[in-house]
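Enquirer: Structure incoming, see below.
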Amino acid sequence: MEMPFEPYRIKVVEKIQRVSREERVEHLKAAGYNLFRIPSEAIYVDLLTDSGTSAMSDLQWAALMSGDEAYACSKSFAIFRDTIREIFGYKHVIPTHQGRAAEGMLFTVSLKPGDVVPNNIHFDTTRANVEHTGAIALDCIGPEGLDPAVEAPFKGDMSLTKLRAAFEKYGVDRIPFVMLTITNNSGGGQPVSLGNMHAVSDFCREMGVPLIYDACRFAENAWFIQQREDGYAQKSIQEICTEIFSLGQGCTMSAKKDGLVNIGGFLCLEDDEWAQRVTNLLILREGFPTYGGLAGRDLAAVAQGLREVLDPDYLAYRIGQVARLGRRLDELGVPHLRPTGGHAVYLDAKRALPHIPQAQFPAQVFTAALYLEGAVRGVEIGSLMFDHKDPDTGETVHPAMELVRLAVPRRVYTHTQLDYVAESCAKVMEIGPRLRGLEITYEPPALRHFTVKLKPVGGGKMIAEG
Ligand SMILES: Cc1ncc(COP(=O)(O)O)c(C=O)c1O
């Protein structure tokens with residue numbers, strides 16, 4: 001199988017180990033079958049998230065040492081701000097400690113109860129932050145984006161029909177802005193095409209509302225555009241980014257993804273009034289406007305990471321490694337969402353475990369079994385994460401897909417380790433028909449998947465005897 005070439009060599013290593021199966025059984029029980037509760041030293045390959053888990057480069061570590069820790073107007077902030085302005089092109093650059101802080105502050109100043117925010121698909125923290133203000137988070141993903149079996153190049157595209165319908169139903173006065181998540185994490189890490197961004201941006205202009213990007217994986221999205229969209233093969237990643245962001249009026253960003261750092265984020269805005277109000281809130285919640293909850297060294301590492309993420313060799317390797325994991329899963333007969341995303345492979349738990357109803361969390365069952373079989377940690381993106389009440393009827397609505405996301409940290413694992421992950425998934429497929437559903441024993445009021453506890457339905461073991 002083709003090996004994506006690694007544009008780096010390893011300078012520092014970290015020991016990891018594989019705890020025994022017996023210990024894994026005990027860990028799972030103690031964690032209430034919630035992988036977020038398992039200690040990381042009991043995990044062999046950790047694909048819980050690609051967020052904040054990147055390996056930093058020598059130049060980023062050097063940037064950390066050069067961090068200026070002045071409380072106000074540090075050199076590191078100037079480098080951070082100028083790098084972001086150069087890549088994203090927006091007027092106001094507001095540092096935050098991570099992505100959800102940027103979301104929370106933007107939504108606090110711009111939304112009121114009853115407002116509506118259309119997005120292709122809101123990520124969980126984005127949805128929760130919208131809903132926290134009393135507004136409605138509305139997903140307007142195109143039809144291809146809801147079908148895990150369709151091979152299409154831009155399954156993150158927003159449906160213009162759904163977007164128009166939202167404006168007709170709620171009226172422009174209730175829609176302060178539209179969001180586009182690039183790439184679309186909750187829908188399989190799928191990219192949005194520039195064609196779709198132009199169409200959404202034109203429509204927003206017609207309606208007189210701003211378009212705000214959730215830009216966490218902007219460089220990966222730009223790489224897909226370069227590879228897949230007509231007319232962009234000869235454009236550089238930076239040129240594509242410039243075109244993307246020129247179509248919007250701001251972005252929220254978790255630098256823990258395409259900033260290639262372990263902590264950091266920012267909010268970019270064109271609007272002076274929103275920027276002023278966010279800055280006032282920033283001082284209250286995060287810190288002075290030139291550090292926003294981060295150390296000067298963190299700002300310096302983000303600036304360096306944002307330059308490295310635009311390197312086409314890095315992006316070809318990064319997305320190639322994820323695609324290779326997908327091909328390995330194909331060879332072993334493990335169903336997954338097609339095509340593979342930029343940062344993750346999403347296993348299709350509805351197809352893998354068809355006997356487990358959505359109310360019994362099939363994707364969470366697969367996730368727990370994958371830990372049991374291989375000490376591999378993935379994350380459920382299904383009914384545990386995304387069940388919600390229909391705003392009109394109050395009924396529980398399950399999401400269209402039941403996915404297990406295997407998010408690949410950037411520059412961290414080898415091809416051999418990812419082969420091991422694929423083999424562990426194949427073992428889960430073998431025991432699949434004997435796996436039992438899960439039921440909740442504890443759930444918090446919001447974002448329940450982080451701290452929920454579960455047990456096999458009716459008690460007893462997760463794998464039925466047989
Ligand atoms: C698309 C998307 N938006 C927002 C966030 C939130 O970012 P953070 O975890 O830095 O708060 C994430 C994190 O995974 C994400 O994937």
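The values are calculated or read from the model by the stated rules, or taken from the named source; none is laboratory data. What you are looking at is a predicted structure, and each value in this text was computed from that prediction instead of being measured. Cβ sites come from the backbone with ideal geometry, for glycine too, and all protein chains shown count toward neighbours.
Enquirer: Determine, yes or no, whether Ala78 is touching a residue at least 60 places away in the same chain (Cβ under 8 Å), among the small types (Gly, Ala, Ser) and surrounded by fewer than 22 Cβ atoms within 10 Å (Cβ to Cβ).
Expert: No; evaluated as a whole, the condition is false for this residue.
Enquirer: Hey, does region 177-196 have a residue that's in contact with a Leu (Cβ under 6 Å, 6 or more places away or on another chain), in contact (Cβ under 8 Å) with a residue 24 or more places away in the chain and assigned to a helix (DSSP H, G or I)?
Expert: no
Enquirer: Among the residues of region 6-31, what is the count of those that are hydrophobic (A, V, I, L, M, F, W, C) and either outside any loop (DSSP other than H, G, I, E, B) or surrounded by 14 or more Cβ atoms within 10 Å (Cβ to Cβ) (or both)?
Expert: Total satisfying the criteria: 6.
Enquirer: Within region 348-367, how many residues are buried (at least 23 other Cβ atoms within 10 Å of the Cβ) and part of a helix (DSSP H, G or I)?
Expert: Of the residues in that region, 8 qualify.
Enquirer: Further question on the same structure: Please state which one of Ser54, Ser76 is assigned to a helix (DSSP H, G or I) and not hydrophobic (A, V, I, L, M, F, W, C).
Expert: Result: Ser76 is the single residue among Ser54, Ser76 that is assigned to a helix (DSSP H, G or I) and not hydrophobic (A, V, I, L, M, F, W, C).
Enquirer: Is it the case that Phe361 is under 21 Å from the mean Cα position of the chain (by Cα), at positive phi and at pLDDT 95 or above?
Expert: Yes, satisfied.
Enquirer: Here is a further query. So Met207 passes all but one of these: (1) in contact with a Phe, Trp or Tyr (Cβ under 8 Å, 6 or more places away or on another chain); (2) closer than 30 Å to Leu406 by Cβ. Which condition number does it fail?
Expert: With respect to (1) in contact with a Phe, Trp or Tyr (Cβ under 8 Å, 6 or more places away or on another chain); (2) closer than 30 Å to Leu406 by Cβ, Met207 is out only on (2).
Enquirer: Just to be sure, is Glu206 surrounded by 22 or more Cβ atoms within 10 Å (Cβ to Cβ), in a helix (DSSP H, G or I), of a type in the set (D, E, K, R) and modelled with pLDDT of 95 or more?
Expert: no
Enquirer: Still on this structure, I have one more. Would you confirm whether any residue within region 257-267 is modelled with pLDDT of 95 or more and surrounded by fewer than 23 Cβ atoms within 10 Å (Cβ to Cβ)?
Expert: There is at least one residue in region 257-267 that is modelled with pLDDT of 95 or more and surrounded by fewer than 23 Cβ atoms within 10 Å (Cβ to Cβ).
Enquirer: From Asn184, Asn196, which residue is within 20 Å of Ala152 (Cα to Cα), away from the ligand (no atom under 16 Å from the Cβ), crowded, with 18+ Cβ neighbours inside 10 Å and not hydrophobic (A, V, I, L, M, F, W, C)?
Expert: Exactly one residue qualifies, and that residue is Asn196.
Enquirer: Within region 247-270, can you find the residues that are near the ligand (Cβ under 10 Å from one of its atoms), in contact with a His (Cβ under 8 Å, 6 or more places away or on another chain) and within 12 Å of Ile84 (Cα to Cα)?
Expert: The one that is near the ligand (Cβ under 10 Å from one of its atoms), in contact with a His (Cβ under 8 Å, 6 or more places away or on another chain) and within 12 Å of Ile84 (Cα to Cα): Gly265.
Enquirer: Now for a separate question. Only residues that are among the hydrophobic types (A, V, I, L, M, F, W, C), within 16 Å of the ligand (Cβ to nearest atom) and in a helix (DSSP H, G or I): list them for region 104-124, please.
Expert: Met105, Leu106, Phe107
Enquirer: With closer than 21 Å to Lys461 by Cα and not charged (D, E, K, R) as the only criterion, which of Tyr442, Tyr413 stands out?
Expert: Tyr442
Enquirer: Would you point out the residue of region 395-450, among those that are in a strand (DSSP E or B) and touching a Ser or Thr at 6+ places or on another chain (Cβ under 6 Å), that is farthest from Ala363 (Cα to Cα)?
Expert: By that ranking, first place goes to Ala407.
Enquirer: Follow-up. If you take the residues of region 209-218 that are within 16 Å of the ligand (Cβ to nearest atom) and assigned to a loop (DSSP other than H, G, I, E, B), which of them is farthest from the chain's Cα centre (by Cα)?
Expert: Among residues in region 209-218 that are within 16 Å of the ligand (Cβ to nearest atom) and assigned to a loop (DSSP other than H, G, I, E, B), the one farthest from the chain's Cα centre (by Cα) is Ala215.
Enquirer: Is there a residue in region 32-51 that is β-branched (Val, Ile, Thr), surrounded by fewer than 18 Cβ atoms within 10 Å (Cβ to Cβ) and under 19 Å from Tyr371 (Cα atoms)?
Expert: no
Enquirer: Next question, about the same structure. Looking only at region 335-343, decide whether some residue is hydrophobic (A, V, I, L, M, F, W, C) and modelled with pLDDT under 95.
Expert: Yes, the conditions are met somewhere in region 335-343.
Enquirer: Would you confirm whether or not region 96-103 contains a residue that is more than 13 Å from the ligand (Cβ to nearest atom), surrounded by 19 or more Cβ atoms within 10 Å (Cβ to Cβ) and closer than 21 Å to Leu64 by Cα?
Expert: Among the residues of region 96-103, not one is more than 13 Å from the ligand (Cβ to nearest atom), surrounded by 19 or more Cβ atoms within 10 Å (Cβ to Cβ) and closer than 21 Å to Leu64 by Cα, which makes the answer no.
Enquirer: From the list Ile283, Ile244, Ile225, exactly one residue is of a type in the set (Val, Ile, Thr), over 16 Å from the mean Cα position of the chain (by Cα), in a helix (DSSP H, G or I) and within 16 Å of the ligand (Cβ to nearest atom). Which is it?
Expert: Of Ile283, Ile244, Ile225, the one residue that is of a type in the set (Val, Ile, Thr), over 16 Å from the mean Cα position of the chain (by Cα), in a helix (DSSP H, G or I) and within 16 Å of the ligand (Cβ to nearest atom) is Ile244.
Enquirer: Lys155 is checked against (1) within 17 Å of the chain's Cα centre (by Cα); (2) away from the ligand (no atom under 13 Å from the Cβ); (3) closer than 21 Å to His388 by Cβ; (4) in a loop (DSSP other than H, G, I, E, B) and fails just one. What number does that condition carry?
Expert: Tallying (1) within 17 Å of the chain's Cα centre (by Cα); (2) away from the ligand (no atom under 13 Å from the Cβ); (3) closer than 21 Å to His388 by Cβ; (4) in a loop (DSSP other than H, G, I, E, B), Lys155 fails exactly one: (3).
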